[in-house]
Amino acid sequence: MFSSKEKFKSAFIMKIETQFGKSLEESSLSDKYAALASLVREAMTPKLVATNNSYLFNKERQVYYFSLEFLFGKFLDQNLIYLNARDMCFSGLRDLGIDLDELIDCEPDAGLGNGGLGRLASCFLDSMASMGLPGHGCGIRYKYGLFSQKIIDGYQVELPDNWLREQNAWEIRKPDKAVVVKFGGDVSCVFDGPEPRFVHENYLPVLAVPYDMPVLGYRNQTVNTLRLWSAEAVNRDFDFASFSRGDYMSAVASKYQVEAISEVLYPDDSNYQNRQLRLKQQYFFVSAGLQSIIRRFKKGGNDIRDFSKLICIHINDTHPALAVPELMRILVDDEALGWEEAWEIVSSSIAYTNHTIMPEALEKWPVELMQEQLPRVYMIIDEIHRRFETDLYAKYPENPEKVKGMSIIGDGTVRMANLAVVGSFSVNGVAAVHTEILKNEVMRDLYETFPEKFNNKTNGITHRRWLLKSNPGLSDAISESITKKWIKEPVALKKLNDLKDDRAAQEKFFSIKRACKERLSDYVWKHNGIKLDPDSIFDSQVKRIHAYKRQLLNALHILHLYNELKEDPKKEIHPHTFIFAGKAAPSYYYAKTVIKFINVVASLVDSDPRISEMLKVVFLENYNISVAELVFPASDISEQISTASKEASGTGNMKFMMNGAVTLGTMDGANIEICEKVGQENFITFGLSVGEVLGYYSNGGYNSYYLYENDPRINRVLNQISGKLSSNVPSDEFSSITRSLLEYNDEYFVLRDFDSYCKAHRLVDELYRDRARWGSMSIVNMAMSGGFSSDNTIAKYAQEIWKIKPVSPQTDRG
């Protein structure tokens, strides 16, 4: 970044003075952070320009990854590591009396994502840049993130996540690249040439302004781009006449109506207005992104008919599925191509990743809503539907129900997953079992119709963020043991297997783990006022709160364990710390009740002085990347306990194993592949299999009430829930939980897996007491985690789907 420490110090002081008009002594901590971030971004900019020039100059095939979420976390520390400038900056700032870690703490987590979907997208962009692959991101520049979660009296309370309160130091606003996105209005057919054309009139124009964020590759010359779109009024002036009349709200109403599109991630869709807003968001960034890509494509002197030869559009889940009709609209209406020619380009340009195996979660939009907001796009969807349905009736003339199930429009809705499959050349699942369920269950008929499209690409995580950056102590120890080769070639971690029975290596890794536990314990004491025992088992379940992820099963077991310790004062267990974190959607009241239940159990455990020496339960509020970077390195147990067949893949399971945690999980999603990699002896399994769960759903035969009546442990904990667990909690507080388990027959088999889960935890206690055995298990998990690096995943996407190859930008090109 700078040739010497002294030059860096001079540049830093100069940046403070020129950017803020202050001396170094007068500047605040946030000023110093902004100045350093600005210097880092400026160091990246020549690489960004050179990278884009290389792609354009060499006419490289590029991929654009469309995702409604990109969950990066913080950028400063990672960018310094990737530039190989952290040590120099740390030393230079120390000379100036500044602590680099304090500046890093100043940076807010970017509010651009919520969970695994967004984190996956960020890992993928990281890997593409670090592998020198021409790939970019396209999303929305949300002014507010999902929400900032506070836990008050055990309840989740949502506050605005105003992450852009201070200027985002990493973005570059590009107003000259803005495009117009059209909503509402009317469509008329005009016959003024050999072919009729459609004219969109009386629409609401929304200006989409791009903000480019550089995505830096690890110690190479590549800087790709994440382009985020912000919604602005075409005419940004307010209505002066209304203002003059004193009608202040009307004066700015249209401006705020437009800006609401990029205001917040996942607006609560429990009302019509916000449902409408979600649809607008999805079309907004898809339309803006495609317009921008095509404009740049044509600027390079390319023929639009060669679009699919040089461009691949990848849609991350169904949120960007409107890319299919929008690209058709641009090609047919704006580029004047015929339908068949346009469809050939679209269906050979777009690839789709599916992220859910729950049919009820497959996105659908009411026809009326789409007609109202996107009249021309809906016309194109209707034509795609008509042509596809005609082909299906020709193929399956005697099976109208089969045709109906695959149709794009049905039951008054547009089925976005069906649209994505029909309009894509590739459809991939994100774990082997997930892909098989798609092919054999959820999308069976579509798979039979398009078998060549379906493939699997198991998810991955970037080891540079989740090991190199998050766990520097462990990273250094690994590099000392097997060299630094693993940083660029993650499969090299496999060499750690040679150390699995080396007691000295085990003890070294144990000491690093304990230091990570102490770091997390300090955080918990500061934020929760709870003292944790770093010598206890740190058992973590950190993820979105949802019924199928079964945080409830974990909490019920803790209550059962509390009962056992209460009844038998002589019972011995290794001290155990249960860590929960995650957000529930604001309108998902069942999930919010589970959060309250976890916190009530935590208080119950803590109220008994003897039991609280052996058990601790803590719920970390406002789970984000920064919190995750503390939890993963500190954890001994990775709770991956979703109902088998429900979790598409999971990526938290990979982050935990990379940091030496042992998975306690069902055979679901990527858990199956992790177990295969590490061996059954290094993975703790429990619960129903995928086949058993699907069998119950198909054939029935499950009776949760029978378990309630015949298992005294289950009977007791459910009776406790129905009574008064705490004097501060009404007796009916958790009635929704007991109803879900008994009246509605336990949809996610919490009670069915309860006994198996209890046995698995007894095994954890037994294994952890055998220090050599646990040390070996931990090392094997670290060693095999390289197979789940996103570098490996992206290499498969690049070769098998995107057909892109690495490029080495030349920073000295004119």
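The values are calculated or read from the model by the stated rules, or taken from the named source; none is laboratory data. This structure is a prediction, so every number in the text was calculated from the model and none was measured. For neighbour counting, all protein chains shown are included, and Cβ atoms are generated from backbone atoms with ideal geometry for every residue, glycine included. Note: accessible area is taken over every heavy atom of the protein model, side chains too, but ligands, DNA and RNA are not part of it. Shrake-Rupley method; radii C 1.70, N 1.55, O 1.52, S 1.80 Å.
Restricting to segment 501-513, count the residues that are assigned to a helix (DSSP H, G or I) and either open to solvent by less than 80 Å² (accessible area, probe 1.4 Å) or of a type in the set (V, I, T) (or both). Qualifying residue count, segment 501-513: 9. Filtering S244, S230, S262 for residues that are surrounded by fewer than 18 Cβ atoms within 10 Å (Cβ to Cβ) and either modelled with pLDDT under 95 or out of contact with any Gly (no Cβ under 8 Å at 6 or more places or on another chain) (or both) leaves a single hit, S244.
Considering segment 296-314, and only residues there that are in contact with a Leu (Cβ under 9 Å, 6 or more places away or on another chain) and modelled with pLDDT of 95 or more, the residue that is surrounded by the fewest Cβ atoms within 10 Å (Cβ to Cβ) turns out to be R305. Selection of segment 647-658 for residues being farther than 15 Å from F686 by Cβ and open to solvent by 10 Å² or more (accessible area, probe 1.4 Å) yields G650, T651, G652, K655.
Scoring A34 on the criteria (1) of a type outside the set (D, E, K, R); (2) under 30 Å from G301 (Cα atoms); (3) surrounded by 16 or more Cβ atoms within 10 Å (Cβ to Cβ) leaves a single failure, condition (2). Considering every residue within segment 215-224, establish whether at least one is touching a helix residue (DSSP H, G or I) at 6+ places or on another chain (Cβ under 6 Å), open to solvent by 10 Å² or more (accessible area, probe 1.4 Å) and modelled with pLDDT under 95. Within segment 215-224, none of the residues are touching a helix residue (DSSP H, G or I) at 6+ places or on another chain (Cβ under 6 Å), open to solvent by 10 Å² or more (accessible area, probe 1.4 Å) and modelled with pLDDT under 95. The residues in segment 265-283 that are closer than 12 Å to L68 by Cβ and more than 21 Å from the chain's Cα centre (by Cα) can be counted, and the count is 0.
Close Cβ contacts (under 9 Å, 6 or more residues apart or on different chains) running from residues in segment 520-534 that are open to solvent by 50 Å² or more (accessible area, probe 1.4 Å) to residues that are among the aromatic types (F, W, Y) and in a helix (DSSP H, G or I) comprise K531/W525. Of the helices (runs of 4 or more DSSP H) lying entirely inside segment 62-146, those containing at least 2 residues that are among the small types (G, A, S), open to solvent by less than 10 Å² (accessible area, probe 1.4 Å) and within 21 Å of G650 (Cβ to Cβ) are 116-130.
Does L493 fit the bill of being of a type in the set (A, V, I, L, M), surrounded by 14 or more Cβ atoms within 10 Å (Cβ to Cβ) and in contact with a Phe, Trp or Tyr (Cβ under 9 Å, 6 or more places away or on another chain)? Yes, satisfied. Pairs are defined by a Cβ separation below 8 Å, a sequence spacing of at least 6 or placement on different chains, a first member in segment 29-49 that is closer than 13 Å to I13 by Cα and without any contact (Cβ under 8 Å) to a residue 40 or more places away in the chain, and a second member that is of a type in the set (S, T, N, Q) and open to solvent by 30 Å² or more (accessible area, probe 1.4 Å); the pairs so defined are D31/Q19; A35/Q19. Of all residues in segment 733-752, none are out of contact with any Ser or Thr (no Cβ under 8 Å at 6 or more places or on another chain), modelled with pLDDT of 95 or more, closer than 20 Å to H557 by Cβ and of a type in the set (F, W, Y). Looking across segment 367-424 at every residue that is touching a residue at least 60 places away in the same chain (Cβ under 8 Å) and open to solvent by 30 Å² or more (accessible area, probe 1.4 Å), the one that is nearest to L322 (Cα to Cα) is identified as M379.
Checking I345 against (1) within 15 Å of I380 (Cβ to Cβ); (2) out of contact with any Lys or Arg (no Cβ under 9 Å at 6 or more places or on another chain); (3) in a helix (DSSP H, G or I), only one condition comes out false. Which one? The failed condition is (2). Among residues of segment 105-123 that are under 22 Å from Y523 (Cα atoms) and of a type in the set (S, T, N, Q), those with a Cβ under 8 angstrom from a residue that is surrounded by fewer than 23 Cβ atoms within 10 Å (Cβ to Cβ) and at pLDDT 95 or above, sequence gap 6+ or separate chain, pair up as N114/R544.
Table: residues versus (1) on the phi < 0 side of the Ramachandran plot; (2) part of a helix (DSSP H, G or I); (3) open to solvent by 60 Å² or more (accessible area, probe 1.4 Å).
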| residue | (1), (2), (3) |
| --- | --- |
| F12 | yes, yes, no |
| E26 | yes, no, yes |
| S38 | yes, yes, no |
| A43 | yes, yes, no |
| N53 | yes, yes, yes |
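Here is a check on your reading of the model: is P730 of a type outside the set (G, A, S), modelled with pLDDT under 95 and more than 31 Å from the chain's Cα centre (by Cα)? Answer is yes for this residue.
Let's see how each residue does on (1) of a type outside the set (A, V, I, L, M, F, W, C); (2) closer than 29 Å to D317 by Cβ:
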{"position": "K439", "(1), (2)": "yes, yes"}
{"position": "N459", "(1), (2)": "yes, yes"}
{"position": "G473", "(1), (2)": "yes, no"}
{"position": "K484", "(1), (2)": "yes, no"}
{"position": "L493", "(1), (2)": "no, no"}
{"position": "K500", "(1), (2)": "yes, no"}
{"position": "A515", "(1), (2)": "no, no"}
{"position": "E518", "(1), (2)": "yes, no"}
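Of everything listed in (1) touching a Leu at 6+ places or on another chain (Cβ under 9 Å); (2) open to solvent by 30 Å² or more (accessible area, probe 1.4 Å); (3) of a type outside the set (F, W, Y); (4) not in a helix (DSSP H, G or I), the single unmet condition for D539 is (2). In summary, helices (runs of 4 or more DSSP H) completely within segment 699-814 and bearing 1 or more residues that are crowded, with 17+ Cβ neighbours inside 10 Å and touching a strand residue (DSSP E or B) at 6+ places or on another chain (Cβ under 8 Å) occur at 754-769, 771-784, 790-796.
Screening the candidates L146, L125 for the property of being in contact with a Leu (Cβ under 8 Å, 6 or more places away or on another chain), among the hydrophobic types (A, V, I, L, M, F, W, C) and within 18 Å of T45 (Cα to Cα) yields one hit, L125. On the given criteria, is I140 touching a residue at least 12 places away in the same chain (Cβ under 8 Å), over 19 Å from M213 (Cβ atoms) and of a type in the set (A, V, I, L, M)? For I140, the condition - touching a residue at least 12 places away in the same chain (Cβ under 8 Å), over 19 Å from M213 (Cβ atoms) and of a type in the set (A, V, I, L, M) - is not met. Among residues of segment 161-176 being of a type in the set (D, E, K, R) and in a loop (DSSP other than H, G, I, E, B), the one that is least open to solvent (accessible area, probe 1.4 Å) is E171.
Note on segment 475-517: among residues that are of a type in the set (D, E) and within 30 Å of the chain's Cα centre (by Cα), the one that is nearest to M654 (Cα to Cα) is E489. The residue that is surrounded by the fewest Cβ atoms within 10 Å (Cβ to Cβ), counting only those in segment 664-684 that are farther than 29 Å from L362 by Cα and of a type outside the set (A, V, I, L, M, F, W, C), is Q680.
Residues of segment 561-589 that are open to solvent by less than 50 Å² (accessible area, probe 1.4 Å), outside any strand (DSSP E or B) and not aliphatic (A, V, I, L, M): Y562, N563, H574, P575, G582, K583, P586, S587.
For (1) in contact (Cβ under 8 Å) with a residue 12 or more places away in the chain; (2) of a type in the set (G, A, S); (3) assigned to a loop (DSSP other than H, G, I, E, B), each residue gets a yes or a no:
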| position | (1), (2), (3) |
| --- | --- |
| K182 | yes, no, no |
| P194 | no, no, yes |
| V209 | yes, no, no |
| V215 | yes, no, no |
| Y218 | yes, no, yes |
| Q221 | yes, no, yes |
| L226 | yes, no, no |
| S230 | yes, yes, no |
